[in-house]
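A.B. asks: Got a structure here, written out as structure tokens. Questions coming.
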Amino acid sequence: MAYITISKENFFHNLNQVVLKAGSKERVAVVLKDNAYGHGLEIMAGLSQEFGIKQAVVVSSEEAMRIRPYFDQVLVLNGTPVADEKLSFAITDMQALEAVESSIRIELKVDTGMHRNGIVMGDLEKALRMIKLRNLNLVGVMTHFRSADVLSSELSWQQKNFEAVKRMVRESRCGSVRFHSHNSAAILRSKGFDEDLVRAGIAIYGHNELPEPYDAVPLKPVLSLWAKRSSTRILQRGERVGYGGDFTAPERMTVSTYDLGYGDGWRRGKSEDPYVTAEGLAILGRVSMDFVSLASDKEEVCIMADAQQAAKHFGTISYEMTTMLSERIPRVVI
Ligand SMILES: *Cc1c(COP(=O)(O)O)cnc(C)c1O
């Protein structure tokens with residue numbers, strides 16, 4: 001069966017880089033949503049704990065319950081709020097704020113310009129008044145940047161908006177709250193980070209999607225994808241491989257089938273523009289649901305060792321390459 005290796009050494013290296021930027025381990029929350037970007041939820045939670053990280057971010061309550069034992073605090077971005085001393089819930093519009101009970105730990109998400117989730121800035125005063133009036137348990141105030149990963153002044157005006165949010169929150173005397181806004185791109189390009197927390201996702205998995213001028217922080221890919229040989233045959237010149245026979249053997253050659261396909265979350269791609277594996281083997285013909293063909297007879301091949309490089313080939317981003325990988329593929333820590 002195809003399998004995924006998780007490099008503990010590379011993961012710790014990346015965490016160290018983020019900690020250096022953030023100032024301390026206490027200021028780093030690891031983002032483990034979507035099966036830890038496809039790396040394996042419990043595995044990455046366990047490694048984060050071993051490294052000394054105390055906080056995590058997930059998208060659902062189901063994920064939160066699974067990793068709760070590993071952390072002191074877990075922020076749930078899109079769950080149904082419940083009272084729990086370890087969990088806090090992002091509140092992303094006024095309706096949700098009106099509905100939430102005072103026993104629940106909430107983090108108010110403010111829309112400073114991304115216009116995806118969050119209370120609009122014009123409603124912030126009203127929201128803060130409601131929080132005081134209803135004696136809600138506000139533990140954090142957060143925002144999310146829409147363009148932290150591009151070269152422009154986009155980030156700075158959103159940051160200015162968030163500074164204004166902070167002032168209003170402090171003036172409202174809603175108690176001591178933690179402020180956080182930085183994702184990977186924002187923390188990697190930041191100098192003199194001074195908020196309470198970073199929400200680090202893609203960087204901890206070893207990818208930096210920032211354009212070149214910002215590429216100063218060295219990160220190492222954590223995930224490698226391997227497939228195992230399922231069968232081998234000798235093809236004569238002119239024989240064709242797979243659905244549609246898109247690949248024609250230019251000469252007598254050894255071809256094996258390996259047990260990874262689009263059913264595992266691997267990209268089907270285009271047979272006329274084949275993906276080349278980490279070991280330099282071009283995929284021959286079409287990708288099947290459970291198999292690919294390669295000119296090799298090795299027992300195991302490394303299909304992908306750097307998701308960002310693979311993403312370039314498929315015209316996508318590293319996030320999508322790893323997140324799509326099926327949960328059924330076993331993950332092993334090396
Ligand atoms: C996914 C997510 C992050 C992490 O983003 P990266 O670019 O992977 O670091 C941070 N904050 C929020 C609200 C998110 O949804």
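The values are calculated or read from the model by the stated rules, or taken from the named source; none is laboratory data. Please read all numbers here as calculations on a predicted model, not as lab measurements. Because the Cβ atoms are built from the backbone with ideal geometry, glycine has one as well, and the counts that use them run over all protein chains shown. For accessibility, only protein heavy atoms count, side chains too; no ligands or nucleic acids. Shrake-Rupley method; radii C 1.70, N 1.55, O 1.52, S 1.80 Å.
A.B. asks: Could you run through the stretch 221-251 and say how many residues are open to solvent by 70 Å² or more (accessible area, probe 1.4 Å) and among the aliphatic types (A, V, I, L, M)?
C.D. replies: Residues meeting the conditions: 1.
A.B. asks: Separate question: For the stretch 2-39, which positions are open to solvent by 10 Å² or more (accessible area, probe 1.4 Å) and either modelled with pLDDT under 95 or among the small types (Gly, Ala, Ser) (or both)?
C.D. replies: 7, 23, 24
A.B. asks: Answer yes if at least one residue in the stretch 169-185 is touching a Lys or Arg at 6+ places or on another chain (Cβ under 9 Å), over 30 Å from residue 102 (Cα atoms), modelled with pLDDT under 95 and within 13 Å of the ligand (Cβ to nearest atom), and no otherwise.
C.D. replies: no
A.B. asks: Now for a different question. What is the one condition in (1) farther than 15 Å from residue 18 by Cα; (2) more than 17 Å from the chain's Cα centre (by Cα); (3) not polar (S, T, N, Q) that residue 225 does not satisfy?
C.D. replies: (2)
A.B. asks: Does any residue in the stretch 130-154 that is at positive phi come within less than 8 Å, Cβ to Cβ, of a residue that is not basic (Lys, Arg) six or more places away or on a different chain, and which pairs are these?
C.D. replies: Final answer for the pair search is 135/102.
A.B. asks: Could you run through the stretch 304-330 and say how many residues are in contact with a strand residue (DSSP E or B) (Cβ under 9 Å, 6 or more places away or on another chain) and buried (at least 22 other Cβ atoms within 10 Å of the Cβ)? Working first, answer last.
C.D. replies: Just the residues of the stretch 304-330 that are in contact with a strand residue (DSSP E or B) (Cβ under 9 Å, 6 or more places away or on another chain), to begin with: 304-307, 310, 313, 321-322, 325, 329-330.
From what's left, buried (at least 22 other Cβ atoms within 10 Å of the Cβ): 304, 307, 310, 321-322, 325.
Result for the stretch 304-330: 6.
A.B. asks: Sticking with this structure for a sec: Looking only at the stretch 40-60, which residues are open to solvent by 10 Å² or more (accessible area, probe 1.4 Å) and within 14 Å of the ligand (Cβ to nearest atom)?
C.D. replies: 55, 59, 60 - these are the residues of the stretch 40-60 that are open to solvent by 10 Å² or more (accessible area, probe 1.4 Å) and within 14 Å of the ligand (Cβ to nearest atom).
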